[in-house]
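Right, one structure below, let's go through it.
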């Protein structure tokens, strides 16, 4: 029996060492897998945050461009305020082009190439459309000078400027208005 005990205890010791070695391997394997999983989670979160930041940048750029581009179905409202199918498709196209890495200026130029200058809500100040930017301020300036010159010439000739009606004139006008009210 002593020999049997020696073989049995040797087997037990061998099994014990094998189990210890196996448990160490399992622990190491689990730690490796856990660290790989943890690394995957960290990388995934970092990439998700970067993707969200990129998407938010694309979204901001798209919303800004939507205010500058007119809906091609009626040419009246920016696509940011228009809810037609063509405006929806154009919004998707802008996001797609920006998502490919194109700058807003390139996207705007691509839209101008496809639809013409008419697609822009604010025309560029070049060529004939320069008049749209120059004529209104010049017209206002000319009108101010004309009115100023007219008033100055009246004062120089001794003519008085138009005055507010006196009480007697007001009473006449009010009486006429009351007659008109009775007739109507």
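Considering each residue of the range 61-84, count those that are buried (at least 16 other Cβ atoms within 10 Å of the Cβ) and outside any loop (DSSP other than H, G, I, E, B), and give that number. Write out each step before concluding.
Within the range 61-84, the first condition is being buried (at least 16 other Cβ atoms within 10 Å of the Cβ), and the residues that meet it are 61-62, 65-66, 68-72, 78-80, 82.
Checking which are outside any loop (DSSP other than H, G, I, E, B) leaves us with 61-62, 65-66, 68-70, 78.
The qualifying residues number 8.
Look at residue 97 and say whether it is closer than 30 Å to residue 58 by Cβ, in contact (Cβ under 8 Å) with a residue 40 or more places away in the chain and assigned to a helix (DSSP H, G or I).
Details: closer than 30 Å to residue 58 by Cβ: yes; in contact (Cβ under 8 Å) with a residue 40 or more places away in the chain: no; assigned to a helix (DSSP H, G or I): yes.
Taking the combined requirement at face value, the residue does not satisfy it.
Taking the stated definitions as given, is residue 147 surrounded by 10 or more Cβ atoms within 10 Å (Cβ to Cβ), within 30 Å of residue 78 (Cβ to Cβ) and not assigned by TED's automatic domain parsing to the domain that holds residue 71? Steps first, answer last, please.
Details: surrounded by 10 or more Cβ atoms within 10 Å (Cβ to Cβ): yes; within 30 Å of residue 78 (Cβ to Cβ): no; not assigned by TED's automatic domain parsing to the domain that holds residue 71: yes.
Criteria not met by residue 147.
Checking the structure you have, find out if any residue of the range 134-153 is assigned to a helix (DSSP H, G or I) and under 13 Å from residue 65 (Cβ atoms).
no
For the subset of the range 111-140 comprising residues that are surrounded by 13 or more Cβ atoms within 10 Å (Cβ to Cβ) and within 18 Å of the chain's Cα centre (by Cα), which member is modelled with the lowest pLDDT?
121
Quick one: is residue 87 in a helix (DSSP H, G or I) and more than 17 Å from residue 124 (Cα to Cα)? Break it down stepwise before answering.
On the way: in a helix (DSSP H, G or I): yes; more than 17 Å from residue 124 (Cα to Cα): yes.
Yes, satisfied.
Across the range 100-110, which residue is farthest from the chain's Cα centre (by Cα) among those that are at negative phi and in a loop (DSSP other than H, G, I, E, B)? Explain how you work it out, then say what you get.
If we filter the range 100-110 for residues that are at negative phi, which is where we start, we get 100, 102-110.
Narrowing further to those that are in a loop (DSSP other than H, G, I, E, B): 100, 102-103.
Numbers: 100: 17, 102: 15, 103: 13 Å.
Applying the filter and picking the extreme gives 100.
The values are calculated or read from the model by the stated rules, or taken from the named source; none is laboratory data. Fair warning: this is a prediction, and the values are worked out from it, not measured in the lab. Backbone-built Cβ (ideal geometry, glycine too); neighbour counts: all protein chains shown.
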